[in-house]
Amino acid sequence: MKCKKNESLLERVNKKYKINPNNDCWEWTGHKSGLGYGGLTFMGNKMRAHRVSYELFIGEIPTGMMVCHKCDNRICVNPFHLWIGTPADNTHDAQKKGRLPKSIHPSASHYKNGCRCDECVNINRERAAKSMSKYRLINHEKAMAVWRKHEAKRKIKRLEEKLKKSV
């Protein structure tokens, strides 16, 4: 369904959800992203539906903050089911509700390249410099294991090169 040129964002949002009587979630019926969140395009801008709902019904989202779901339903746009939190708040909420493994690094969140502690950041930089892009570092323990493995391979390679030169 195409939107009308003079249709407001609020009118668009109000046409794109159905209320689930079992949990009071306002379930988004429009486009859904690959991660399962509702999405829409308005005046050329792509937006997540739950963030739009929060801004329309509650207020502005502070910079760097996330709009999280109390109901854990990614397509829910009910403003009473939404709350503002940091990426760490969102991760702790997911851990508390059993949606994340217990062994996740404490600083991990929704980051694409794993945790952001100094040690892991350095490992990720080294990995990028060495073009080891096939390894996606998810947590601290895995990052350290990958680093140790490749450090051992580099040492072996250096020793082999020294041996070849000495022969």
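The values are calculated or read from the model by the stated rules, or taken from the named source; none is laboratory data. Please read all numbers here as calculations on a predicted model, not as lab measurements. Neighbour counts run over all protein chains shown; Cβ positions are idealised from the backbone, glycine included.
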Checklist (1) touching a residue at least 24 places away in the same chain (Cβ under 8 Å); (2) surrounded by 10 or more Cβ atoms within 10 Å (Cβ to Cβ) applied to residue 48, failing item | (1)
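Yes or no, residue by residue, for (1) of a type outside the set (A, V, I, L, M); (2) over 27 Å from residue 100 (Cα atoms); (3) modelled with pLDDT of 90 or more; (4) surrounded by fewer than 19 Cβ atoms within 10 Å (Cβ to Cβ):
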| residue | (1), (2), (3), (4) |
| --- | --- |
| 41 | yes, yes, no, yes |
| 56 | no, yes, yes, yes |
| 68 | yes, no, yes, no |
| 81 | yes, no, yes, no |
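So, residue 100, is that one farther than 29 Å from residue 21 by Cβ, under 18 Å from the mean Cα position of the chain (by Cα) and modelled with pLDDT under 90 or not?
Against the criterion (farther than 29 Å from residue 21 by Cβ, under 18 Å from the mean Cα position of the chain (by Cα) and modelled with pLDDT under 90), residue 100 qualifies.
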Looking only at the range 104-112, decide whether some residue is modelled with pLDDT of 85 or more, closer than 24 Å to residue 27 by Cα and loosely packed, with under 15 Cβ neighbours inside 10 Å.
-> no
